[in-house]
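Some notes on the structure that comes next.
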Amino acid sequence: MPKLHTAAELEKYRAEILASRDPAKPCIAVCAGAACDGMDSAAVAAAFVAAAGKLGDKIEVRTTGCHGYCEKGPNVVVTPGDICYFEVQPADVPDILAATLKGEVVERLVYKDPNTGAKAVHMNEVPFYKHQTRLLIGDNPKIDPMNIDDYFAVGGYAGLVKALTTMTPDQVLDEVKKANLRGRGGGGFPAGSKWETTRNAPEKTKYVIVNGHEGESAAFMDRAMLTGNPHKVLEGLIIGAYAIGAHKGFMYTRHDMPLLEKHVRNALAQAKEYGLLGTDILGSGFDFECELHFDVGIFVSGESSALMRSIEGNAPEPRPKYIRTSVNGIWDKPSNLNNVETWANVPQIINKGAEWFTSIGSEKSKGTKLISLSGNVVNSGIVEVPMGTPLRTLVFDIGGGVRDGKTLKAIHFGGAMGGSIPADLIDAPLDFDGMSKLGAPIGAGGLLLMDEDTDMIEVARYLMDFLVNESCGKCVPCREGMQQMLQILTRLTEGEGKKGDLELLEDLIEVTGTASLCALGKTSGDPLKSMFRYFKPEYESRIAGGSEAK
Amino acid sequence: MTDIVLTIDGKEVKAKAGMTVLQAAQQEGIHIPTLCHHEKLEAFGGCRLCMVEVESRGWTSYVVSCVYPVAKDIVVRTRSEKVDKIRKVLVEELMAHAPDAPELIKLAEEYGADRNRFERDASFCIVCGLCVRYCNEVKQKNAVGFIDNGARREISFIPEVARKECWDCQECFTICPTSYAQAAYLLSEALAFPGQRKKIKAEKPLQPKSRVIPIMPAPVTT
């Protein structure tokens, strides 16, 4: 494919792709997301490819990123009509192909309500999907992540074209500010203000970074986004770089996800080949390059200053951020860092405008949010809902409630640095500020359901154990304070609690929270804090009565 | 360059732009405790003992003074109930590792820290990194480094480098607050290159300057 030199060439190329594709031709999308892959969706895809090959050019088979409904994988979606088949095995392949050719549906593989037995054939009828607003992840079933043409076919890079050809960097920045896009990585800080700080920093060389270092326990949506649709994230990054005035970007991600690495490497190479990275992008005069970087395997690598140290080639240790990284980041240059989901939101904001974006969501949290749903939930998977959606919708309508007919005890948000709230707060809306006030900040968006049998002390111990292993160990309160908290919690779970343990924990939470260098230590006590707020009697009785609460 | 005026412990203090709060305080003779700080080394911000209360535009925050830059009109309090509590707990946490380190004992008295408050794990090292950073920044030898992470982080001499570089230096021994650097080196030497120091001294009798290694008497552990 020759390089696309102008926006007109890109649009012409897009038209050619669309003209060459017959929307009526059946296409079978096999999910190769992490969960489906674990259930050997590769064998299903191979069976489809082999069998469809014998049929001539009648059916297309596409291996895609995560569809979302991990619980029922391997997932297969047949278009047109978005017919969803669940738990598909290689043996089911002939039936699906035969039915698809005849325009029929394989009844035994469609969704069946566990209570009523009612069937749902199309994606918009399946309860798990029906209550979602899939603006970001909805394209995943339509895209082979290795094929940039698929992204063009769903309107990809139209946002970049619009930004580069019709808007000034200031207008792009303004649009993102007006959209009130808040960072999806945990803090909920307005992305527009952050961009502006980097843009206005005096230093000329500036960097933009995708933080794809998702390591929080129970969070797996960024991985699905970046693996399943890498070009969407890249498009957002290029638009952001244009607004900020950066000519160099980094994608920072984990070293231990081979599929993600393959897709991102391929996406970067394709974007370069098509002229979407490099010099004079689409004839706009704007130059931008992007490099892929990997972590060294600890969670704290995802902390912004540690991440930047890591890109510089140093050990991923956070540094005190009295001067923000948006002013003084990689090699002391202004560096704007946003997470995968934040960047993925940018193309649609430019395409459809801030007004459209702010029409979705709650008063102070706009747009949709990707949530990883797991724990004792009937339907685990990746969910996308408008901000402000009541947790009840997430847990019951989409999640199908608690597994094995048990009662909900707690909802935990934000992994090891988040918090747990009791079941009676289930009508709270999904909102950055609201959830923070309740003590369970959304964090990156990992939602963990816990049923009546859950031992909250064991949960706290488990999360603390995770952090102790993922801390860098540079500063005393994090290194020592968390280790002490872990020892006390371990004693409690073993029924060896002592009088004064709670006071000791409270002291440690306070000092670790105030004195730690980075957010890992600062928020390490948050799960415990939320549990002391809502589940303290459980702790007290465990200390008083040894192990009776088990 | 014009001076920046700030308040430390109620006293108006003048400082140069780019100075840290710790430097501004030291220049005025106001004492802020530190463990990982050394004037020859880049600020580390690891021990957090130098944490102070800063009031700026109506906001109170807790910052490490060895890194925090001076700014116009900020109000710094080097002691407060919360600052003292932070220091007390930090000292208690460190005393679980090095209960007899003289500096920690002094700090424990000052802040009322209970050396037995936390479960003992007598590693003797408080991982302040003075040895590691001194060897890297001042001596530029990198004979000692950090290994592992989190609670497992420790210092370790790299035998291949240490056998060549350490025999006539050992300056890290004197800045180590717990004497652990010396112990760690001697252990490395005994395991990896025993007797080497003596051999070199015998071969080059004139070179080494005799260095006094201060090992403070360890008080009796209660």
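One table, with the values for the structure above:
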{"item": "Gain in span if fully extended, A:A42 to A:A19, counting 0.36 nm per residue against the direct Cα distance", "result": "5.3 nm"}
{"item": "Size of charge dipole - chain A - debye, nearest 20, with Cβ of Lys, Arg +1 and Asp, Glu -1, no other charges", "result": "900"}
{"item": "Pairwise Lys count, the stretch A:1-69 - Cα closer than 27 Å, eight or more residues apart or different chains", "result": "5"}
{"item": "Likely footprinting exposure, A:K102, A:K333, fewest C-beta neighbours within 10 Å first", "result": "A:K102, A:K333"}
{"item": "Dipole in debye (nearest 20) - the stretch A:456-544, about Cα centre, beta carbon charges: Lys, Arg +1; Asp, Glu -1", "result": "120"}
{"item": "Order of B:C128, B:C169 under a 10 Å beta carbon neighbour criterion, fewest first", "result": "B:C169, B:C128"}
{"item": "Cα shape, the protein assembly as shown, gyration tensor, a/c 1.5 rule", "result": "prolate"}
{"item": "Cysteines without a disulfide-compatible partner [chain A; Cβ-Cβ under 4.7 Å]", "result": "A:C27, A:C66, A:C70, A:C84, A:C290, A:C472, A:C475, A:C478, A:C518"}
{"item": "Pairwise FRET efficiency - B:A190 versus A:T165, Cβ, R0 = 51 Å, nearest 0.05", "result": "0.10"}
{"item": "Selection from A:S359, A:A444, A:P26 lying farthest towards where the dipole of the protein assembly as shown points positive, charges on Cβ", "result": "A:A444"}
{"item": "Paramagnetic reach from B:W59 (point 7 Å along Cα→Cβ, amide N under 14 Å) across the stretch A:175-197", "result": "A:189-190, A:194"}
{"item": "Efficiency of FRET between A:A91 and A:V154 - r from beta-carbon atoms, R0 35 angstrom, step 0.05", "result": "0.65"}
{"item": "DSSP bridge pairs, the protein assembly as shown: antiparallel proportion in percent, nearest 5", "result": "65"}
{"item": "Relative contact order [Cα under 8 Å, 6+ residues apart], the stretch A:156-357, whole percent", "result": "33"}
{"item": "Contour excess over end-to-end distance, with Cα ends at A:D174 and A:R533 and 0.36 nm allotted per residue", "result": "125.2 nm"}
{"item": "Additional length obtainable on full extension of the chain from A:A544 to A:E506, 0.36 nm per residue less Cα span", "result": "11.9 nm"}
{"item": "FRET efficiency, B:K11 to A:D332 (Cβ-Cβ, R0 51 Å, nearest 0.05)", "result": "0.95"}
{"item": "Residue order, fewest to most surrounding Cβ atoms within 10 angstrom, among A:L425, A:L101", "result": "A:L101, A:L425"}
{"item": "Percentage relative contact order, the stretch B:130-203, counting C-alpha pairs under 8 Å, at least six apart", "result": "26"}
{"item": "Alpha-carbon centroid distance for the pair the stretch A:467-519 / the stretch B:27-67, whole angstrom", "result": "23"}
{"item": "Helix B:81-95 vs. chain B, principal-axis angle (Cα, 0 to 90°, nearest 10)", "result": "10"}
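All of the numbers you see were taken from the coordinates with simple rules; none came from a lab. Worth saying up front: this structure is predicted, and the values here are computed from it rather than measured. FYI the Cβ positions are ideal-geometry reconstructions off the backbone, even for glycines, and counts take in every protein chain you see.
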